[in-house]
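Every number in this text was worked out from the coordinates using simple rules, so none of it is lab data. Note that the structure is predicted; figures quoted are calculated from it, not measured. Every residue, glycine as well, gets a Cβ built from its backbone with ideal geometry; the counts of neighbours run over all protein chains shown.
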Amino acid sequence: MAESAALAAALCWALASLFAASASRALGGIAFTRIRMAMVFALLVVVVLVRGPGPLPVDGWAMLLASGVIGIFVGDTALFVALSRLGPRRISILFATNAPMTVVLAWLILGEGLSPAANVGCVLVAIGVLVAIVYGKRREQLHLWESVHGNLLTGVGIGLLAALGQSVGSLMAAPALKTGMDPVTVTTIRIGAALVALYVARALFPARTRPLVPLTPALWGRVLTSGLLGMALGMSFLLYAFANGPVGLAAALSSLSPVMMVPIIWIVSRERPALGAWIGAALAVGGSALILLR
């Protein structure tokens, strides 16, 4: 059952990316992130109030709030800006670099050892990303999700920044979880800190952070659906998997989103993905699995 929940989390995140892709391109990555985050934060606050926040230690709040700013404000904003530029398939592959980045940072900062399997996994993820970006599209593929808006290398750089922000933010949030804080409460606090930062950015840079188009009911629906699938359902499935099965296996199975994304895009767009898309996704997921199962 735990394994099924982890796979369900991966599927939720793959579907959430597809709903987010068109909405983030229409609204702009920063505006989309702010609106989506506000919706998810309101939902999580209700959940925390209904079920109770759990223990709230006095220490560690500064680190927890900073993890929200770095991991969610920087990480999620960069993620959706990159998504609006590169489309869901490429960004899901780029985001797989989250796993090797976390391992390397844990080695550099926390002194955790790097196993041979983790080293091989890091190399596989890097090769998978390269293959998926360079050879992942055929010329006859014309769907919006396969088009690149702006410079490709700039989009790749923003996508890698998103993965780095998530990695750093996760490491910074780990001490709070080790004190016994409820994971949902931790997530709510981190999102709240990121939301404050997003509205500060809105006040400081109104021209660059406003929605590019008026919000229509259809756009509201896409934003809400991506938030519910990605944050509410996806994270709930993952937390259930962590609580009821081996954490490493659950983390590895939940990282299958890039592989799931390829056939889903094929079904929706009716355009057969390039061989490089399949190979790149498989290498990235295989490398992530080696890292997470170490």
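Is it true that Gly128 is surrounded by 14 or more Cβ atoms within 10 Å (Cβ to Cβ) and within 18 Å of the chain's Cα centre (by Cα)? Quick ask: steps written out before the conclusion?
Numbers: surrounded by 14 or more Cβ atoms within 10 Å (Cβ to Cβ): yes; within 18 Å of the chain's Cα centre (by Cα): yes.
So Gly128 passes the test.
Residues checked against (1) within 25 Å of Thr185 (Cβ to Cβ); (2) surrounded by 15 or more Cβ atoms within 10 Å (Cβ to Cβ):
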position: Gly60; (1), (2): yes, yes
position: Leu65; (1), (2): yes, yes
position: Asp76; (1), (2): yes, yes
position: Leu86; (1), (2): no, yes
position: Leu108; (1), (2): no, no
position: Gly121; (1), (2): no, yes
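Restricting to region 53-92, name every residue that is part of a loop (DSSP other than H, G, I, E, B) and touching a residue at least 12 places away in the same chain (Cβ under 8 Å).
Of region 53-92, the ones part of a loop (DSSP other than H, G, I, E, B) are 53-60, 87.
Correct list: Pro53, Gly54, Pro55, Leu56, Pro57, Asp59, Gly60, Gly87.
When you scan region 93-115, how many residues do you find that are assigned to a loop (DSSP other than H, G, I, E, B) and more than 17 Å from Leu15 (Cα to Cα)?
Going through region 93-115, the residues assigned to a loop (DSSP other than H, G, I, E, B) turn out to be 96-97, 111-115.
Next, from what is left, pick out any that are more than 17 Å from Leu15 (Cα to Cα): 97, 111-115.
Within region 93-115, residues that are assigned to a loop (DSSP other than H, G, I, E, B) and more than 17 Å from Leu15 (Cα to Cα) number 6.
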